[in-house]
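Colleague: Before we start, here is the structure in question, set down as structure tokens.
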Amino acid sequence: METLWLDPKVNNDAMGIAANLLKAGEVVGMPTETVYGLAANALDGKAVSKIFAAKGRPQDNPLIVHIADFSEVSLLCSALPQKAKLLADAFWPGPLTMILPKSEKIPDEVSAGLDTVGIRLPSHRVARALIRAAGVPLAAPSANLSGRPSTTTAEHVKSDMNGKIAAIIDGGECTVGVESTVISLAGDTPRLLRPGGITLEQLRSVLGTVEIDHALYETIGADEKVSSPGMKYRHYAPKAAVTVVCGAPEKTAEYILKNAKKEDGILCFDEFAKIFTNATVLSYGGMHDLEKQAKTIFDKLRTFDAYDVPQIFAQCPDESGIGLAVSNRLKKAAGFRLISVK
Ligand code: TXA
Ligand code: MG
């Protein structure tokens with residue numbers, strides 16, 4: 001299949017062409033404020049199954065449904081808890097996905113057999129225009145091959161998906177850089193399933209108590225039952241094995257300096273880039289610049305693939321604010337191979 005490259009800044013018809021492809025049951029790479037997504041008509045099980053084929057995604061991993069207006073929730077969900085309304089008022093449009101009881105409109109391909117569905121109202125102008133033009137909600141996982149780092153530019157999407165999907169819309173670089181926060185409102189207490197663009201602190205300021213799923217802290221066994229199926233697969237992984245070094249930045253830098261060999265890769269904060277002279281060094285933002293770290297983390301993980309490094313040592317960010325999401329992506333990329341230094 002030839003993959004069309006659509007740039008709305010250059011081609012006035014870009015959005016119309018993409019919307020028609022979606023209406024015809026095809027898959028389109030679309031920008032969002034978090035990461036690029038692989039979109040298809042969420043109400044068409046056959047279209048959705050093409051997403052799984054393009055990504056090589058395990059069938060038991062459900063997809064997020066993207067909407068352009070809050071009113072669409074009532075069509076897609078069988079109940080709307082008061083807490084969901086509070087969160088929508090505070091954080092939609094934006095990088096938050098709510099897991100809610102699903103309505104019978106949601107095909108099994110989207111929910112992977114669960115009785116819930118993830119709903120997100122993105123803030124990206126192009127994403128919302130596309131949902132409106134297609135006239136249907138869009139199911140969309142991150143637009144990477146399954147297991148690989150997520151995609152934050154249209155070029156990333158092309159490198160994973162060229163020839164596999166009908167089109168890619170170039171909407172520039174994603175502004176957040178890590179995926180949406182996933183919170184389940186299907187049980188009694190709200191539960192954080194994936195940290196992301198909306199921080200835990202922000203969620204707690206609206207909801208009070210928010211539980212944290214244990215999958216954020218450990219590797220899940222392949223047979224274990226988890227509340228979010230995506231948690232149990234290795235994710236975000238560059239080709240080389242990753243070791244995440246946690247602790248005060250000066251100490252983690254010291255550890256890496258001692259242990260990295262010259263053929264290894266090092267992912268560090270900007271402040272330390274100069275001290276590592278004898279390895280392949282990429283820096284991903286200042287040690288206190290959590291937003292920049294979020295914005296660049298996936299691009300840096302992808303960049304290491306171009307160098308033939310056997311392993312990568314990464315300085316773990318501060319886990320406050322969006323740092324919790326960045327450290328979660330790094331730890332998952334490492335398969336939770338962590339070293340703590342005092
Ligand atoms: O920012 C984002 O959320 C991006 C953009 C494209 O919107 N999308 C994204 O989708 O990251 P994906 O499929 O890569 O990650 C969605 C995560 C997966 O871990 C999946 O298991 C979980 O959300 N999920 C989806 N539906 C769920 C459900 N009904 N119950 C529990 N977890 C669910
Ligand atoms: Mg993903």
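Colleague: How many nm separate the modelled label positions at Ser159 and Ile275, each set 7 Å beyond the Cα in the direction of the Cβ?
Modeller: Reported label-point gap for Ser159 and Ile275 is 2.9 nm.
Colleague: With a/c under 1.5 counting as rounded, go ahead and sort segment 129-203 into rounded, prolate or oblate using the C-alpha gyration tensor (a ≥ b ≥ c being the square roots of the eigenvalues; past the cut-off, prolate if a/b is larger than b/c, else oblate).
Modeller: prolate
Colleague: Another question about this same structure. What are the ³J(HN,Hα) couplings of segment 283-297, residue after residue, when phi is run through the Karplus curve with 6.51, -1.76, 1.60 and θ = phi - 60°? Round to Hz, x for glycine and proline.
Modeller: Result, ordered by residue: 10, 10, x, x, 5, 9, 9, 5, 5, 5, 4, 4, 5, 10, 4 Hz.
Colleague: Can you list the HN-Hα couplings for segment 318-329, worked out from phi with the Karplus curve (6.51, -1.76, 1.60; θ = phi - 60°), rounded to whole Hz and with x for Gly and Pro?
Modeller: Couplings: 3, 8, 7, x, 6, x, 4, 5, 5, 5, 4, 5 Hz.
Colleague: When the helix-only estimate is applied to the chain (DSSP H runs of n ≥ 4, each -39,500 (n - 2.57), divided by the residue count), what is the mean residue ellipticity at 222 nm, nearest 500 deg cm²/dmol?
Modeller: -8500 deg cm²/dmol
Colleague: Related question: With a ≥ b ≥ c taken as the square roots of the eigenvalues of the C-alpha gyration tensor of segment 1-127, please select rounded if a/c is under 1.5 and otherwise prolate if a/b is larger than b/c or oblate if it is not?
Modeller: Oblate.
Colleague: Tell me, in nm to one decimal, what length is gained between Val10 and Asp289 on full extension, where the rule is 0.36 nm per residue of separation less the Cα-Cα distance?
Modeller: Full extension of this stretch gives 97.1 nm more.
Colleague: Run the quick spin-label model on Leu338 and Lys262: label points 7 Å from Cα toward the beta carbon, then report their separation in nm to one decimal.
Modeller: The modelled label-to-label distance comes out at 3.4 nm.
Colleague: Give me the one-decimal nm value for the distance between modelled label points at Asp89 and Lys46, 7 Å along each residue's Cα-to-Cβ direction.
Modeller: About 4.3 nm, to one decimal.
Colleague: Quick query: amide H of Gly335 versus all other amide H atoms, modeled in the peptide plane; which residues come in under 5 Å with a sequence gap of 5 or more or a different chain?
Modeller: His235
Colleague: Pairing rule first: another cysteine's C-beta must sit under 4.7 Å. Under that rule, which cysteines of the chain stay single?
Modeller: Cys77, Cys174, Cys268
Colleague: Would you give the gap between the C-alpha center of segment 244-286 and the C-alpha center of segment 130-206, rounded to a whole Å?
Modeller: 29
Colleague: Once amide H atoms are placed 1.01 Å from N in the peptide plane, what residues at a sequence separation of 5 or more from Ala241, or on another chain, have their amide H within under 5 Å of its amide H?
Modeller: Those lying under 5 Å, H to H, from Ala241 are Ile312.
Colleague: OK, next. Tell me, Kirkwood radius of the chain from alpha-carbon pair distances, in Å?
Modeller: This gives a value of 20.3 Å.
Colleague: Against the empirical 2.2 N^0.38 Å scaling, what ratio does the C-alpha Rg of segment 1-55 come to?
Modeller: That ratio works out to 1.13.
Bear in mind that the values in this text are calculations on the coordinates, not laboratory data. No experiment lies behind these values; they were computed from the predicted model shown. Cβ: placed from backbone, ideal geometry, glycine included. Neighbour counts: every protein chain shown.
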